[in-house]
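Below: one structure, written as structure tokens.
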Amino acid sequence: MKKVFILAVIVGLAYYTHAQNTYFTGMGRALFSIDEMTDEVQPEGQQNASSGYTVFDLGINVENEGLMRAGAIIRARNEFGGFYADGSSTLAIRQMQIEGIIGNRVKFGIGDIYLHQTPYTIWNFNESFIDYEADIFSMRRNVVNYENYFIDNNWRVQGVNTETTLHFMQGIKTLGLQAYGARLLESDLLTIPDRLMYGGRVFIVQSDLLKLGGNVVSISDILGTVDSSEVDYDNTVVTGDMIFQLLKKDAITINLIGEGGISSTALREDVSSVDKDKDDFFYEFGVKMQYAPKSKIGLQINYRDVGPDFNSPTAQTRRIIENPQDYSLESFPHFNDASTLRSMTMLDRVSQEYGLYNGSISTGLMDYLPQYNNIEPYGQATPNRRGPSAILSYSDSLEVVSFTMKADMLSEIYSAGDTATRAHRKFIGLKGGVEYNAHKTFDWEKEVILTLGGKYESTTRDGDVPIDLQTVSLDCGLNVETIENLHVLLGAKVLQSQGNEALPVMNRLNEVTTGTTPVTLDLTETLFGFGLQYTFSNTAYFSTQYILNDYENLVPGQEKYTFSTNQWFFTFNISF
Amino acid sequence: MKKRYIVLLCLCGSLFFASAQKISNFSNSFEDSTQQIEKRKYDGIRFSGYVRSVFFYRDVDVYELGDQGRLTLPKNISLGDAYDEPIIHLEMNASPFPATNIATELAFDNRLLRGGSFNETVDENGRMGSAWHMFNFKAETFTSFGSFKLTAGGGVNWFRMTPLIMWSANDFNSRIELFDRMPWEYQSNDFERYSAYYNQGDIPREDKVGNSSTQGVILEGFDLPGQGNAALVVGKASGSAGFQSWEDKRPQNLMALRLNRAFGKHSFGVNYINQFGHVENEISYTKITKDSEIYYIDATKISQLATTVDGLLQLNNNIRLNFEIGAGSYLSQLYNDGLKENIEPGVENVSTYKRNWDELLMAEVTFANLPIRVQGYRIGEQFVNFASSVQNTSIEKTGSAAEQTMSNTSCYPGLIPQIGQTTNNRQGINAFFNKSFGDFKTHAGYGISQELTNFAGDVRNGARVSEFASDPDSATIASYTNSITFQHSLNKLARSRFGFWETNTGPYSRIHNKYRQSYENIVITDTVVDYKKSYASIELELKYKTILFNRPVIFTNYIQYNSVQENLSLIPKFNDEAFVRLLYNEFTMFYNIQHNITLVGLLGYETVQGNNRTELANENGDLILDENGAIVFDENGNPINQIDYGYGFGIDYTFASRASLHYRHRWYSHEDTHFILDTFKGNEATIELKIFF
């Protein structure tokens, strides 16, 4: 009904503004895969499936002289294996937006809006280290991101966003203001109230030397929207950020950067008689240096302290769900005994479009799997972390080689899960990657691109509940253009995780109340893929791939949870 | 605290709204989820389609009506013809970049509060919107190796290769009478439709007639090195794993390949198709112990495989030979040649069953200076390919779902083919003759064929037994395995709507309905079977066009006679030597009383008679069975003796250049003087409004 209403508004606006221009955007994709799986739970058999779909998103936009634009994306989809639309076909409205400028001054957007601020306020962080992912896998991940509305670090919400920029003649150069409001949770009209998010950002560019920002984001339950609310949740995060140019001389630039702020959370739960407030703070500051005569060399050194009770749901919500109770695997969710749930794999993470990713803001810290990200499971704003980080980067002027390396030496601020000896976890992380455009070195006309990425994580703790978890992951890819526009793609991922963890069990206020869940890991995941990609134009391509995935569990007693999958994959994508 | 923030934000917003300087207009910074690339403002999308509203009325006194959420009551007032054809059909086509194309067909339906169990997208008010037949993306590229065209998607990707590999699906291989209007009727003055039939013998039809429906990817290459062409299809075909396999991700897929090249006036091709997969998602290998070793077999693997060579030989200026020759195989746990020779023990050496192969041969000779066309074919019994034009008459249990041991509605045991149709387990000859004598046009057809193996006693078939015996022994099943399937040519659309896509239905569980077609299966009760059933058919069509009261009128009469007998007979049998003999006569008239108004009339008659060696009815009209449920001979029994009538009239009114109105009213009756439960009588009417845009 709401969508019908918004559609009516769009049509109405189109008439009201005497629309001058109607144009279309579109994305079409045909995708299908043939999958097989063998496992050790029932080795005398296998599982097979073939699935896929054809989808077309038609964006209809009505624009009036740049002052008003109304847009809707209509989706038609048909499943692979559903001929003549026999129950498999859907028509849906994927997105609705109205955008315009009020009085030539304030830009606004209504409907589906995409928001981000800073990594501690609103930030949809990537769930793993993928900057240097092989093309053969990033192609799949792009589909996942598209289907889940993950555009950079934005969260997609439904509401209104306004922003304006002021230019001044003296004192300051520009001043920007943003204000927004959105509904995060819809009332059930009985006990769950509407939950709203609202906030804003002020950004001042005093000069090239100094840039200051102020951010506020709040989440509130609106109790009046139901007769008897069981929950009343309020959270506010206020932060300030700045960039101060310490030195700019010739090719050298040195900036001081930082952000700090507080969070205030209140929760009232009738069911558990919980009525608590939690306040905490964070700060992060550092120096960012860049030397760029032609090539760019960058070095950034930070120190951060994120309090254990610092609570910023719009920055700490994970985009991937890793609690087996909450996600559902599309491809072979069970072993061949039809009852034992299998583990998530790297292939699921890069290819499963629905059921694994999260599109809503969670006020509680979501569960996670330590083998994939144990140092920053909630992004840069992960609470209960303190310590330095350093980032080193390089790229030459011709973009032949670029690399990034990041090191973290963090520790807990309070002991999560060790109530007796109060020992703290220590985290050492090293991650980075390199992209090498070999064709530029040898002056080849056709592209030859090598990517290599990796991550090492170490988590240790002494005390009564000792922890020692070591995880290494590698990703390497090769993209070779053979005949014109025909690319051979190769990629491999390896993840090895050994040791133990004790994951804290938290309540809705993120307090460790019921101890920990011990986890023992000794697993090796490998993902190997090869395929072809033919690009018809910049935005139209076809690709076929064969992917091999092995998940080897060597924990004593769990060896039977070892399994292998392989997949033939075909896709055609076009967008305009 | 939060109220303070709201007030503060409102104040700030008001302040800057009032004082802010003009900011630049947005260009393409509109953040939508398709904006992962730089956008350009594309406005080249083209829309076309039609509105087809069919008001349907039926009043029938019928023996049995099927379910399927469609026409479940004798009296019906509804919208649509009950076959999910859309009320609004919208085609969208775009070519955003050179050599690329996006095409979708969207269907919108309203069923006047009639639900659709078939299509789950119908809402509580009977409305439906869905992606329809065509839903694909195309891209072409031109290289020094040749040009390539890629089609991906589905909907349906219509495609064909050769008749034995990929051709028209069997739902569309039968003759269709011209009185009924088809959903895919194109836009024209309606008398042109009848004139086309008069002049060419056919009317324009949509892609699904003559092509097979696939999903997935089609890659075509043209002008490849060596002047060859190639086509590769990877995906699914509707016949083998199409309908609703998306629900369980049924692992059944298709790969087909064709390479062909011209050599002067001649051309040759090499073709391959394999529709392969498993009947279930979870597979447990079958263990076979042999010589104290355990062997593991992937028994649920199924495959419809064929490979052929085809050619066109211009023998001289007057004679042309088209041929296709090869081998085909159907593999399943019921149809195989046992274990492979080189099988090794152990789960790590999982094997599949060995295939049975059979021969494939089709050939056609045409003459430039003679109005004659002659066909010959021999198709082995182990060849099943639902993507081909060959009807399956030998293997009932080809179900593509987990219940593989159930019969498939695409099997027509012992089918009497229409002249020109080919079936497996059969060899035969067809001949066609066309000649005009002024305004008088004639068409004659002749066909004889004989099955290669009589499947009598093969208890893998005989699925109809389940309607009469809950736990039949092999002898009981065997009594159903020597049978004949014939097609009702008269009133078949009306018949098909008594039970949609059902087999073994009707008062004697022998009706088999498909898309707009209706068949019937009759068992032969012989206990000693040492013959191969033979088929003989003739048809004659006469068409005459003249002027009546200054307006054109076309008269047509089509007559067809078929018989099935024990021995090969060059001439159809007209007596009780035939197990079954079928006569069909159809007279139609199309009178263009004004340029935009055509009157249509139909008179039809059909009889089907069996002999005493086919299933019999007792004096009460009950099917004669033994105590176990086996169909048996009884000297007091009487065979089928069916008489059908159909007559109707209609009006075509083209009231605008792209809009027309059509009325049809048909009365029909059916009775069997011996199987007295097999009777119905009724009438139905449609008013169709069709507007193209």
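None of the figures in this text is laboratory data; all of them are computed from the coordinates on show. Remember, it's a predicted structure, so these values are computed and weren't measured experimentally. Cβ sites come from the backbone with ideal geometry, for glycine too, and all protein chains shown count toward neighbours.
For region B:475-581, what does the alpha-carbon gyration tensor say about shape, rounded, prolate or oblate, given a ≥ b ≥ c as the root eigenvalues, a/c under 1.5 as rounded, and a/b over b/c as prolate? The shape class here is oblate. Between A:Ala92 and A:Asn538, the distance separating the two model label sites (each 7 Å from Cα on the Cα→Cβ line) works out to 3.0 nm. Exposure proxy for A:Lys446, B:Lys301: other Cβ atoms within 10 Å of each Cβ, ordered fewest to most, give A:Lys446, B:Lys301.
Residues in region B:628-648 near a label at B:Leu603, defined as backbone nitrogen under 13 Å from the 7 Å Cα→Cβ point? What the label zone holds, given the 13 Å backbone N cut-off, is B:646-648. Computed from Cα positions, the angle between helix B:190-200 and the longest principal axis of chain B comes to roughly 50 degrees.
Please report, in debye to the nearest 20, how large the charge dipole of chain A is about its Cα centre when each Lys and Arg carries +1 at its beta carbon and each Asp and Glu carries -1 there.
Details: 44 positive and 71 negative charges, 405 e Å.
Using only the charged Cβ atoms, the result is roughly 1940 debye.
Using a cut-off of under 13 Å, list every residue of region B:43-62 whose amide N is near the label point 7 Å from the Cα of B:His665 along the Cα-to-beta-carbon line. It comes to B:57-59, nothing else.
What is the dipole size for the protein assembly as shown, taken about its Cα centre, with +1 at each Lys and Arg Cβ and -1 at each Asp and Glu Cβ, in debye to the nearest 20?
On the way: 107 positive and 150 negative charges, 962 e Å.
Its charge dipole is roughly 4620 debye.
What shape does chain A have by the C-alpha gyration tensor, where a ≥ b ≥ c are the square roots of the eigenvalues, rounded means a/c under 1.5, and otherwise prolate means a/b greater than b/c and oblate the rest?
On the way: a/c = 1.17, a/b = 1.06, b/c = 1.10.
Rounded is the answer for chain A, as its axis ratio a/c remains below 1.5.
Over 17 Å apart: what share of the alpha carbon pairs of region B:551-693 falls there, rounded to a whole percent?
Numbers: 7197 of 10153 pairs.
Of the Cα pairs, 71 percent sit more than 17 Å apart.
Can you give the helix-only mean residue ellipticity at 222 nm for chain A, where every DSSP H stretch with n ≥ 4 adds -39500 (n - 2.57) and the sum goes over all residues, rounded to the nearest 500 deg cm²/dmol? -2000 deg cm²/dmol, from helical runs alone.
Rounded to the nearest 0.05, what FRET efficiency is calculated for B:Thr143 and A:Leu430 with R0 set to 51 Å and r the Cβ-Cβ distance? All intermediate terms of the calculation are to be shown ahead of the outcome.
Values: r = 45 Å, r/R0 = 0.89.
Efficiency at R0 = 51 Å is approximately 0.65.
Treating r as the C-beta distance of B:Asp43 and B:Phe222 and R0 as 35 Å, the FRET efficiency rounds to 0.65. Residues A:Lys455, B:Lys441, ranked from the fewest to the most other C-beta atoms within 10 Å, line up as B:Lys441, A:Lys455. Kindly list the residues of region B:598-630 that lie in the label zone of B:Phe587, defined by a backbone N under 18 Å from the point 7 Å along the Cα-to-C-beta vector. Within reach of a label on B:Phe587, which here means backbone N under 18 Å from a point 7 Å along Cα→Cβ, region B:598-630 contributes B:599-607. Each label was represented as a point 7 Å from its Cα along the Cα-to-Cβ direction; for B:Tyr63 and B:Tyr645 these points are 2.0 nm apart.
Relative to the longest principal Cα axis of chain B, at what angle does helix B:2-19 sit, 0 to 90 degrees, rounded to 10? Relative to chain B, helix B:2-19 is tipped by roughly 70 degrees. By the helix-only formula, in which each DSSP H run with n ≥ 4 contributes -39500 (n - 2.57) and the sum is divided by residues, chain B has a 222 nm mean residue ellipticity of -1500 deg cm²/dmol. Here's the picture: charge each Lys and Arg Cβ at +1 and each Asp and Glu Cβ at -1 in region B:182-234, and of B:Ala196, B:Pro183, B:Gly210 the one pushed furthest to the positive end of that dipole is B:Gly210. Among A:Gln290, A:Val306, A:Pro324, which residue has its Cα furthest toward the positive end of the charge dipole of region A:263-332, with +1 on Lys/Arg Cβ and -1 on Asp/Glu Cβ? Final value for the positive-end residue is A:Gln290.
Take the alpha carbon gyration tensor of region A:73-150, find the square roots of its eigenvalues, order them as a ≥ b ≥ c, and report rounded if a/c is under 1.5; if not, report prolate when a/b exceeds b/c, else oblate. Please report the intermediate quantities before stating the final value.
Details: a/c = 3.22, a/b = 1.21, b/c = 2.65.
Since a/c reaches 1.5 but b/c is at least a/b, the shape of region A:73-150 is classed as oblate.
Which residue, A:Gly66, A:Thr25, A:Leu495, has the largest displacement toward the positive end of the dipole of chain A when charges sit on each Cβ (Lys, Arg +1; Asp, Glu -1)? In chain A, that residue is A:Gly66. Gain on full extension, evaluated as 0.36 nm per residue between B:Ile319 and B:Leu542 minus their Cα-Cα distance, stands at 77.6 nm. Note on B:Glu451, B:Glu467, A:Glu163: ascending count of other Cβ atoms within 10 Å places them as B:Glu467, A:Glu163, B:Glu451, the fewest first. Our summary gives region B:315-463 a relative contact order of 20 percent, counting only alpha carbon pairs under 8 angstrom and 6 or more residues apart. The charge dipole of chain B, taken about its Cα centre with unit charges on the Cβ of Lys, Arg, Asp and Glu (plus for the first two, minus for the last two), comes to roughly 3200 debye.
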